[in-house]
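A.B. asks: Could you have a look at this structure, given as structure tokens, before my questions?
The values are calculated or read from the model by the stated rules, or taken from the named source; none is laboratory data. Everything quoted here is computed from the prediction, not taken from an experiment. Every residue, glycine as well, gets a Cβ built from its backbone with ideal geometry; the counts of neighbours run over all protein chains shown. Protein only, heavy atoms only, side chains kept; ligands, DNA and RNA dropped before computing areas. Shrake-Rupley method; radii C 1.70, N 1.55, O 1.52, S 1.80 Å.
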Amino acid sequence: MASTRREWAEDDEFDDPNSLPQNEIINNPDGTKTTITYRLLENGKKIKTTRKIKISIIKERVNPRVAERREWAKFGKEKGHGPGPDLTTTTIGENIIFKPSPQWKAVEKEEESTGSLKTQLKDKKVSCRICQGDHFTARCPFKDTLAPVGEAPPDESRPDSPDPTVGVGGAYVPPHQRNKGKDAGPGSSFNSGRERDDLATLRVTNLSEFAEENDLRDMFDRFGRVTRVFLAKDRETGRAKGFAFVSYQDRMDAQRACEKMDGFGYGHLILKVEFAKRSQ
DNA sequence: AATGAGCGC
């Protein structure tokens, strides 16, 4: 009797009015865990909390210095507890690997150029032999203007000023559509007054904010001499606003570029290309 | 959805 009483009295929970039962972690058969925690409120009341939790094991390669820190003795309220997070008090979040690098853009490009072939083979993606876009070579908008990469573009040997009366495909170019002179284009003497020449200017819309003037030039260059590329950008943020203007020396080239490039995929978007109208 | 900058002699 006395011994029973003694055992009963030994139980901390009843000995000390401020003591709490041991926290418990129960492994459930379905892989979840149930945690039971106890805490004491200021007014002396005891709170028992039961939580059912799911723990996903994060497989990771831990930085040795991080691993070392994990073994450090705990302090404060966790003093004396074992290593690792106490799952009754700590929630383990998603393990996000963040690799800050000032050259992220270059690195991304690098990865694109070195890894894309493998990636594309692995994912059975399509790579155009002409412009390396993600369409079949036969569907390339440049297929009759450009040779596949590595071969000389057929137009490269073309003189800067061919017979101005002869357009692409030998078609006659009427005088009002001729645009001779090496620096003809916006602001040239062929313009009426100081008006901007938009006769051979295309408006390109549905561009991504990551579009770049040079990319546009490279894409539109292939149809003829591009005299100007203007990519509208936000003056504050510098980000592309989603539209651009591409001017050609020759309206015929603009015409072909318009036909070929309207609907072309660039940076996950489908471009819309049409002849520009004068502003306002 | 959207039709362009900034120079100032």
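A.B. asks: How many residues does the range A:222-269 hold that are more than 10 Å from DNA strand B (Cβ to nearest atom) and outside any loop (DSSP other than H, G, I, E, B)?
C.D. replies: 16
A.B. asks: Could you say whether any residue in the range A:270-278 is within 10 Å of residue A:200 (Cβ to Cβ) and modelled with pLDDT of 95 or more?
C.D. replies: The initial filter retains those residues of the range A:270-278 that are within 10 Å of residue A:200 (Cβ to Cβ), namely A:275-276.
Checking the rest, the ones that are also modelled with pLDDT of 95 or more come to A:275-276.
Scanning the range A:270-278, I find at least one residue that is within 10 Å of residue A:200 (Cβ to Cβ) and modelled with pLDDT of 95 or more, so the answer is yes.
A.B. asks: Starting from the range A:33-47, take each residue that is open to solvent by less than 50 Å² (accessible area, probe 1.4 Å) and list its partners that are polar (S, T, N, Q) and assigned to a strand (DSSP E or B), counting only C-beta distances under 6 angstrom and pairs at least six apart or across chains.
C.D. replies: Qualifying pairs under 6 Å: A:36/A:50; A:37/A:49.
A.B. asks: Against the condition among the basic types (Lys, Arg), modelled with pLDDT under 80 and out of contact with any strand residue (DSSP E or B) (no Cβ under 7 Å at 6 or more places or on another chain), how does residue A:105 come out, does it pass? Let's see the steps before the verdict.
C.D. replies: Values: among the basic types (Lys, Arg): yes; modelled with pLDDT under 80: yes; out of contact with any strand residue (DSSP E or B) (no Cβ under 7 Å at 6 or more places or on another chain): yes.
Judged against the criteria, residue A:105 is a match.
A.B. asks: Sort out which residues of the range A:198-211 are open to solvent by 30 Å² or more (accessible area, probe 1.4 Å), in a loop (DSSP other than H, G, I, E, B) and either in contact with a strand residue (DSSP E or B) (Cβ under 7 Å, 6 or more places away or on another chain) or under 14 Å from residue A:271 (Cβ atoms) (or both), and write them in order of number. First the steps, then the outcome.
C.D. replies: Restricting attention to the range A:198-211, the residues satisfying the condition of being open to solvent by 30 Å² or more (accessible area, probe 1.4 Å) are A:199, A:203, A:206, A:209-210.
If we keep only those that are in a loop (DSSP other than H, G, I, E, B) too, we end up with A:199, A:206, A:209-210.
Across the range A:198-211, the qualifying residues are A:206, A:209, A:210.
A.B. asks: List every residue pair whose Cβ atoms sit under 7 Å apart, with the two residues 6 or more apart in sequence or on different chains, where the first one lies in the range A:265-280 and is in contact (Cβ under 8 Å) with a residue 12 or more places away in the chain and the second, anywhere, is more than 7 Å from DNA strand B (Cβ to nearest atom) and in a strand (DSSP E or B).
C.D. replies: From residues that are in contact (Cβ under 8 Å) with a residue 12 or more places away in the chain, the pairs are A:271/A:204; A:273/A:202; A:273/A:204; A:274/A:202; A:275/A:202; A:276/A:202.
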